[in-house]
Amino acid sequence: MSRFKALKPGQSPDTEINNLLSGANNGWWKDTSMFGTIGRQPSLLKTIVPVFEALFGGGRIPPHVLEMMRLKTGEINDCTYCKAVRCEATRDDIAEKESAFFGEVDFDKLPIKEALAAQLAEYIAGDPNYIPDGFFEQLGTEYTEEEVIELVFACSLFNWGNKFNITMQIDADEDSEYESGMVYPGADIREANAITQ
C-alpha cells in the first residue's frame, strides 16, 4: 500500500492537476498512482510532466527505446511499480522485446541502438562510476552527442522515478488494469524495524 494517498482525477482543487491526472489515467500508464502522489504538491507535478513530454514527444529518441530504458532501470533498482506499469503508447512496440532486455541484454536479439540504450540504462541504474570508456565510444558510433546526452538525461530521470516510487511504496490504483497490493523488496525488514510510539 502506498505511503500517501494518491489524488485521482477530479480530486484536486487545481484544474491543471486534474487534467494531468486524467492524462496519466487515459494515456501515459493507464494508472494515476505516481502522478497522483506527486500531485499532492502541485508545482512539482506541473514541472515534471513537461519533462516527460519533452522526452517522449521530442522525436529525437524513439519513445519505445526510452520505455525500454525506463523498464530496465525499474528492473535494476527493483522498483515493483516501475516493473509492472507499461507506457500505453509503446506497449505493443516492446511487448515481444522484453525478454531481450530484461535480465542480460541480448545484443543478438535487439537492434544495436536498442541494445546499447538498454545496456546504458543498466550501467546508470547500477553504478555509473564503472561505465567502460569503450562502451561510450560504441554509443558514439550509433548516436549523436546530443542523443547520448538525452539518453543519459532520460535514464537519470527514470532512476529518480524508481527511487521516488520505491520510497513512497507506490501501489497501482485499484481502478487501473494493474494488480494493486504491490509488494516491494524488504517488506519484512521494514516491518521489523518500524518505529513504534
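Values as computed for the structure displayed
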| item | result |
| --- | --- |
| Residue in the range 20-29 that is among the aromatic types (Phe, Trp, Tyr) and either surrounded by fewer than 19 Cβ atoms within 10 Å (Cβ to Cβ) or in contact with a Lys or Arg (Cβ under 9 Å, 6 or more places away or on another chain) (or both) present | yes |
| Evaluation of GLU98 against (1) buried (at least 19 other Cβ atoms within 10 Å of the Cβ); (2) in contact with a Leu (Cβ under 9 Å, 6 or more places away or on another chain) (one fails), failing number | (1) |
| Any hit, the range 102-114, residues being closer than 30 Å to ASN25 by Cβ, surrounded by 17 or more Cβ atoms within 10 Å (Cβ to Cβ) and in contact (Cβ under 8 Å) with a residue 40 or more places away in the chain | yes |
| Tally of residues being free of Cβ contacts under 8 Å to residues at least 60 places away in the same chain and outside any loop (DSSP other than H, G, I, E, B) across the range 39-51 | 9 |
| Qualifying helices (runs of 4 or more DSSP H) (wholly inside the range 70-140; at least 1 residues being touching a Ser or Thr at 6+ places or on another chain (Cβ under 9 Å) and within 24 Å of ALA172 (Cα to Cα)) | 80-84, 112-126 |
| Residue pairs meeting the criteria (Cβ under 6 Å; at least 6 apart or on separate chains; first within 14 Å of GLU114 (Cα to Cα), in the range 82-97; second surrounded by 19 or more Cβ atoms within 10 Å (Cβ to Cβ) and hydrophobic (A, V, I, L, M, F, W, C)) | ILE94/MET68 |
| Qualifying residue in the range 24-31 (condition: under 27 Å from PRO185 (Cα atoms), in a loop (DSSP other than H, G, I, E, B), basic (Lys, Arg) and under 13 Å from the mean Cα position of the chain (by Cα)) | no |
| Residues that are without any contact (Cβ under 8 Å) to a residue 60 or more places away in the chain and not in a helix (DSSP H, G or I), drawn from the range 60-69 | PRO62 |
| The range 141-183, subset of a type in the set (Phe, Trp, Tyr) and either closer than 21 Å to ASP127 by Cβ or assigned to a helix (DSSP H, G or I) (or both), residue nearest to the chain's Cα centre (by Cα) | PHE158 |
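Any read-out appearing in this document is the output of simple, stated calculations on the displayed coordinates, not a laboratory observation. Since the model is a prediction, treat every value here as computed from it, not as a measurement. Quick reminder, even Gly has a Cβ in these numbers, built from the backbone with ideal geometry, and neighbours come from all protein chains shown.
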